[in-house]
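Below: one structure, written as C-alpha cells.
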Amino acid sequence: MDIGIALPTMCRGYDRAATVEWSRLADEGPVSSISCGERMTYHNPEMWTTMAAAAAVTERVRIFANLSVLPAHPVPLVAKQAATIDVLSEGRFTLGVGVGGRGGDYRSLGADSERRHERLDRAVAELRSLWAGEPPFDGADPVGPPCVQPGGPPVLAGALGPKSLARAAQWADGVVSFSVGGVPGEIAWSAEAARRAWTDADRTTPRLVSGCFYTLGIPDAEPILHSFTAEYLDFLGSGNATAAAAAMKTYDTDALHRTLDAAEAAGLDEFILVPGSADRAVLDATLDLIAAR
C-alpha cells in the first residue's frame with residue numbers, strides 16, 4: 001500500500017516555506033503523493049495554486065487534488081486548471097471530485113447547490129470531453145493545454161453512501177474516502193462499499209484511497225490534533241466538532257501504525273496522512289514512520 005502526505009494547508013501558520021519544504025522532502029522520501037483540499041470560507045490557501053506550486057518543485061511524487069467541489073465551478077475552468085497541473089507535473093496529477101459538504105462554499109462562489117449529484121455526473125463527462133480536445137461549444141477552440149496523460153488525469157470520486165457510490169461507479173477511476181480518526185472499522189467498511197458498487201456496475205476493482213487526520217513528533221501532539229480537528233469540523237456545529245475531536249487517537253506512532261495496518265488489510269491502494277500541524281517536526285516524524293514500514 002502506498003502512503004501519501006497532505007500538505008498542511010488547513011493548519012494555522014502554513015506559508016510559502018512550508019509549501020516548498022514539505023513538497024521537496026516528500027519528493028525525496030518514501031511518499032507516494034502530496035495533496036491538499038478545497039475550502040473557500042476558511043483560512044487555507046487556494047487549492048489549485050498550491051498544487052501548481054507543489055508540481056513545480058517536485059519530480060517524482062504524484063500531485064493529488066483532494067478534492068475539487070466540481071459542481072461549484074465552471075467545468076471548462078476546472079478542465080484547464082487540471083490540464084495545466086498535469087503539464088507542470090509531467091503527468092503526475094490525479095483529480096478528486098465531489099459535491100462537498102459545506103453550503104457556505106457554494107454560496108461564497110455564487111453557485112447553486114441544488115441537484116449537485118446529478119450535476120457532478122454531467123460535469124465529469126464534460127471534463128473528459130474537454131480533455132479529449134472537444135471544444136466547449138460549436139466554433140470554439142479546444143480548452144488547453146493538452147494533457148500529458150492520455151485521456152486526462154485519473155478522476156477519483158469523493159463518495160461514501162450507496163447512492164453516491166453507485167453513481168461514481170459509472171464514471172470514476174476510483175474512490176477517495178476519509179476516516180477523520182483513522183478508525184479501522186470505518187476504513188474497512190468504506191473499501192468494501194466501494195468494491196460492491198463497482199461489482200454491481202460490472203466494472204473492475206476501483207482504485208481505493210482513504211486518509212485521516214493525525215499529528216506526530218511534536219510536544220502536545222494530542223491537544224494540537226484535537227484543536228485542529230475541532231476547528232476544521234466546526235461547520236458541523238461546535239458540539240459535534242468538539243465530540244469528534246475528543247475521540248481522536250492518531251497522535252502517536254503506535255496509533256498510526258494500527259490505522260495503516262487496517263488500511264492495508266482492507267486492501268487500499270493508498271492511504272493519505274493529513275497533518276494537524278505545519279511544524280517541520282511532524283513531517284520528519286512522518287517520513288521516518290513511512291520509511292520504517
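Odds and ends about this structure:
- Using the rule -39500 (n - 2.57) for each DSSP H run of four or more residues, divided by the residues of the chain, the 222 nm mean residue ellipticity is -13500 deg cm²/dmol.
- Scalar couplings 3J(HN,Hα) for segment 61-77, obtained by applying the Karplus form with A = 6.51, B = -1.76, C = 1.60 to θ = phi - 60°, are 5, 6, 10, 10, 7, 10, 8, 8, 7, 4, x, 8, 10, x, 4, x, 5 Hz; x denotes Gly and Pro.
- Accessible surface of segment 236-277 [probe 1.4 Å, protein heavy atoms]: carbon and sulfur percent: 50
- Computed on protein heavy atoms with a 1.4 Å probe, the accessible areas place 259, 199 in the order 199, 259, largest first.
- Sequentially through segment 35-50, phi angles give Karplus couplings (6.51, -1.76, 1.60; θ = phi - 60°) of 8, 7, x, 10, 9, 9, 8, 7, 8, 6, x, 5, 5, 5, 4, 5 Hz, Gly and Pro residues having no value and appearing as x.
- Neighbour-limited loop hits for GluC sites (Glu not before Pro), segment 1-80 (at most 15 other Cβ within 10 Å; DSSP other than H, G, I, E, B): 46, 59
- Probe 1.4 Å, all protein chains present, accessible-area order of 93, 235, largest first: 235, 93
- Residue order for 249, 163 - accessible surface, 1.4 angstrom probe, largest first: 163, 249
- With all protein chains modelled, accessible area of residue 40 [1.4 Å, Å²]: 80
- Database remark: amide H of residue 38 closer than 5 angstrom to the amide H of 67 (H placed geometrically; neighbours at sequence offset of 5 or more, or on other chains; Pro and chain starts carry no H).
- Accessible-area composition of segment 1-78, carbon plus sulfur, in percent [1.4 Å probe]: 54
- FRET efficiency, 1/(1 + (r/R0)^6) with R0 41 Å, evaluated for residue 41 and residue 293 via beta carbons: 0.65
- Label point distance in nm, residue 284-residue 204, each placed 7 Å from Cα along Cα→Cβ: 4.3
- Whole-Hz Karplus values for segment 120-137 come out as 5, 3, 5, 5, 5, 4, 5, 4, 5, 5, 5, 5, 7, x, 6, x, x, 7 Hz, taken residue by residue from phi with 6.51 cos²θ - 1.76 cosθ + 1.60 and θ = phi - 60°; glycine and proline positions read x.
- Distance between segment 5-78 and segment 214-272 - C-alpha centres, whole angstrom: 19
- Linear extension gain, residue 227 paired with residue 73, 0.36 nm per residue minus alpha-carbon span: 52.4 nm
The values are calculated or read from the model by the stated rules, or taken from the named source; none is laboratory data. Computed from a predicted structure; not experimentally measured. Here the Cβ is made from the backbone with ideal geometry for all residues, glycine too, and neighbour counts use every protein chain on show. Areas reflect the complete protein model, heavy atoms only, side chains present, ligands, DNA and RNA absent. Shrake-Rupley method; radii C 1.70, N 1.55, O 1.52, S 1.80 Å.
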